[in-house]
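The values are calculated or read from the model by the stated rules, or taken from the named source; none is laboratory data. Quantities reported herein were computed from a predicted structural model and do not represent experimental measurements. Because the Cβ atoms are built from the backbone with ideal geometry, glycine has one as well, and the counts that use them run over all protein chains shown. Note: areas computed on protein heavy atoms with side chains; ligands, DNA, RNA excluded. Shrake-Rupley method; radii C 1.70, N 1.55, O 1.52, S 1.80 Å.
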Amino acid sequence: MAEAEAVQLKEEGNRHFQRQDYKAATKSYSQALKLTKDKALLATLYRNRAACGLKTESYAQAASDASRAIDINSSDIKALYRRCQALERLGKLDQAFKDVQRCATLEPRNQNFQETLRRLNTSIQEKLHVQFSTDSRVQNMFDILLDEKSEADRLEKAANNLIVLGREEAGAERIFQNNGVALLLQLMDTKRPELVLAAVRTLSGMCSGHRARATVLLHAVRIDRICSLMAVENEEMSLAVCNLLQAIIDSLSGQDKREHQGKEEALVLGRRQASVLVLEVGGKGESVTTSDWEFPVCGVEWRGQGWDTKKDLKQITSHLLDMLVSKKVSGQGRDQALNLLNKNVPRKDLSVHDNSRTIYVVDNGLRKILKVVGQVPDLPSCLPLTDNTRMLASILINKLYDDLRCDPERDHFRKICEEYITGKFDPQNMDKNLIAIQTVSGVLQGPFDLGNQLLGLKGVMEMMVALCGSDREVDQLVAVEALIHASTKLSRATFIITNGVSLLKQIYKTTKNEKIKIRTLVGLCKLGSAGGTDYGLRQFAEGSTEKLAKQCRKWLCNASIDTRTRRWAVEGMAYLTLDADVKDDFVQDIPALQAMFEMAKASRALASGLRRDLLDSGSQGLPLSLGKDPCVLSLAVPSTPWTSDKTILYSVATILVNCTNSYDVKEVIPELVQLAKFSKQHVPEEHPKVGMGTVQEGSGVFGRICHKDKKDFIEMRVKRLLKAGVISALACMVKADSAILTDQTKELLARVFLALCDNRRTEALLWLKALIPLALEGTDVGKVKAAHALAKIAAVSNPDIAFPGERVYEVVRPLVRLLDTQRDGLQNYEALLGLTNLSGRSDKLRQKIFKEKALPDIENYMFENHDQLRQAATECMCNMVLNKETTQWLEILQRLCLHDQLSVQHRGLVIAYNLLQADAELAKKLVESELLEILTVVGKQEPDEKRAAVIQTARECLIKCMDYGFIKPVS
């Protein structure tokens, strides 16, 4: 009974296979295998299931099934050939060659076998040539590196070329096979920085995109050893190790999207041992892959479908958190640990439900992160820090808080912070109180809502004001910074104004410490602008704002002051440039502008080390030349880029938004003002300098404005910004690492670009490279602003000049997203003009627009009431109809040709004429439809003055049809 059912399942599987339903066929064959013991049937079932494996690209499973069929019948020629095909795809060419050789012996006249035999023989010879060549190069490089007598020049070349080989799949495999990992560990044991650096970079290349190797190397080198290397004072070393850890994390978590074509299964380890390392590779149903090679220091055995990498990833996270609070870790190492946590712990896509990594870090590492945030550099107990460490920790807190899914998780987060801060308050120990206030200040730079809740803790605000009156400079420094960060909400600012402004003024007048002086100035700037444009809430006398701004500009241009202190001058200007006089003076101060731009450019020079090591581009594109030694290639290594402060981007973007007036101002409704006065509510007062001018619609500003904020003044400021080099500065800012370029900063940059695009110059490539990322990532408002800027450029520019190269295709999607009823009419109109311009350039671009599903939106705008929108959409459709795929819109065309409005009807007939003229085959399809009848009816109408153009166009369409011979004239 079971045998009969097995035969029936086999036949069912055959039918599924013929219908190309390979998964169902595999299931039927697998069920049949469980029911029969007949050897001939078993061989057939395994052979058939192997064929399914080949079709579904499950090559390891196909090879295993074919092997089982061969075990039953060693002369099964179909099974032999199928195993040959599977082994070839797995990269095991020598084994595949043996199988096809046996097939050719059994059937010597089979041309298919002979052709495969020749092809595999050629591939094997090429592989052997590369292998032997690579083997000798690898061994030669290690000989040079491990020889203490090697010349420095040869040593450097060997190290650089070893890095290049490690980044190539074939080279990485040969390093593994030639005991390379053990030799790399020997290089690391030499303690010579240049050799350790070469070993780390080589390991990084070998891990990239290969989960099996990454897993083995993690256990071979050990995470504690990797972290100890990242903890060193050497910035270059710390950066390289960070890159290695990122490569391992990407490979273990599957974030590396590169294709590796079956090489994940071909894991070869260290040197031959008596024991066997068993490695089962999961994925597409592959069978067991074993090797008689084992790395001696691994001491692990993997079994089951795939690897459980969660344990390894958790171990990496745990070690990174421990690094944050270790005094043995350098400031650079701490920064790299924070960068790795920032990049890999929070979810990149909030639609993914699992935030377990964030929960783990909150439970096990939030107190450690808070400890970093609360460090005071001038205290003896301070950990080694850089200028960026505390900011990176604040960013991490912000990302962790945003990644929480529900209120209970956020409450737990808040309670940990409250317990940590209140635990630091001690009336007998001023240093602990100082750390507590510093921690609150750091959290305020992260999740703002959480920071405001912490400000509400008993005694926090009072302690800030009390520290301002302390005799110790370190107390004043921390207190002033905390007051600056706490003054964001008007209610908080009012408390500080009442209790702390006099103290700030006193500190500013008496202190000789430039660091405290400039921070106090920024505090005064922030408090001075607390009332915004409300003249009734002004805090200082008339003219004080200009004096504060002048001092900020002076500090900004002073290169002898350290960069971190100059950053505070930029932050002060971010508040003061709300005043029209201040921003007008600032754009005229070219040295101050250029100093700010240079600081902004420097903020992304080193790129925080996340997968941006010196040779991160790999071997491709690096100039290679043959050195004195025939086995050693000389590699041109770029010099190390250095950086200054990385926390300046938001302040610079804010200044530029203020200078270009690209912020939104709500419309003042007179009726609501009268209602507020009647109910005795506070009504914002206008500044005496305000005139009666209004800003044009589209700027987002309505109502009464200062005369220096009128359009001509704004245009003058924009021209000065362009002259000072704002475009290159903006392009550099957009390229900054995601850890410091927040979505809010991206929105501000998009606003600036939109304000500048009316005065654009020839930096087309810079515009393109900067605007496209802003149009695809960030806040919804920011993406719309960036897309609108792209639309403005595309609407009036030659696409070949404005968008050179293949990147023109990236412009299409942002423009299509502007075709939305939620966008305003100007955005719709300029997006349509831009798409019209692009669609007239090439059929490939028209195809791209078509694939972005823009045609239905373009069609909708063809029937808008607004004349200009309707005209722009029709012109765009005229270009789009040249694409053959738009012929499905024949019904729309027919409706256009019968439209009540003569202008729309004329446009429809022009489209029809373009279609008829474009292609004879397409014209034939149109004639076969009802369009011919419509053209005939319209063309036979009596001409009059209003309808002359419509009738003439219809007749031209009919003449074109006669030219093709589709219709004949009748008397």
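Observations on the structure shown:
- 3J(HN,Hα) along the range 397-405: 4, 4, 5, 5, 5, 5, 7, 6, 9 Hz, from the Karplus curve 6.51 cos²θ - 1.76 cosθ + 1.60 with θ = phi - 60°, whole Hz, x for Gly and Pro.
- Net charge contributed by nearby residues that have their C-beta within less than 10 Å of ASP449 (K/R +1, D/E -1): +2
- Applied to the range 893-908, the Karplus parametrisation 6.51 cos²θ - 1.76 cosθ + 1.60 on θ = phi - 60° returns per-residue 3J(HN,Hα) values of 4, 5, 5, 5, 5, 10, 5, 5, 7, 4, 5, 5, 4, 5, 4, x Hz, with x for Gly and Pro.
- The range 4-160: relative contact order in percent, alpha carbon pairs under 8 Å with at least 6 residues between: 12 percent
- Close amide-amide hydrogen proximity is noted between ILE967 and MET962, each under 5 Å apart and 5 or more residues distant or on a separate chain (H modeled in the peptide plane; Pro and chain starts excluded).
- Straight-line cross-link reach from LYS458 at under 30 Å between alpha-carbon atoms covers these lysines, not counting any fewer than eight positions away in the same chain: LYS368, LYS371, LYS399, LYS415, LYS424, LYS432, LYS489, LYS505, LYS515, LYS517, LYS526.
- Shown here for the range 350-446: trypsin sites (Lys or Arg not before Pro) in loop regions (DSSP other than H, G, I, E, B) with at most 14 other Cβ atoms within 10 Å, namely ARG405.
- Accessible area of the range 843-945 belonging to carbon and sulfur atoms, whole % at 1.4 Å probe: 45 percent
- FRET efficiency estimate (nearest 0.05) - Cβ-Cβ, LYS844 to GLN917, R0 22 angstrom: 0.60
- Residue-wise HN-Hα coupling along the range 378-385, computed from phi with Karplus coefficients 6.51, -1.76, 1.60 (Hz; x: Gly, Pro): 7, 8, x, 7, 5, 6, x, 9
- Whether the range 827-970 is rounded, prolate or oblate, judged on the alpha carbon gyration tensor where a/c under 1.5 counts as rounded: oblate
- Cα gyration tensor, the range 802-896 - rounded (a/c under 1.5), prolate or oblate: oblate
- Spacing of the two label points (7 Å from each Cα toward its C-beta) at SER356 and SER381, in nm: 3.7 nm
- Cα lying deepest toward the dipole's positive end in the range 302-411, options ASN355, ASN388, SER318, charges on Cβ: SER318
- Nearest-0.05 FRET efficiency for ILE801 and GLN681, computed from C-beta distance (R0 60 Å): 0.65
- Prolate/oblate/rounded call for the range 1-65, Cα gyration tensor, a/c under 1.5 rounded: oblate
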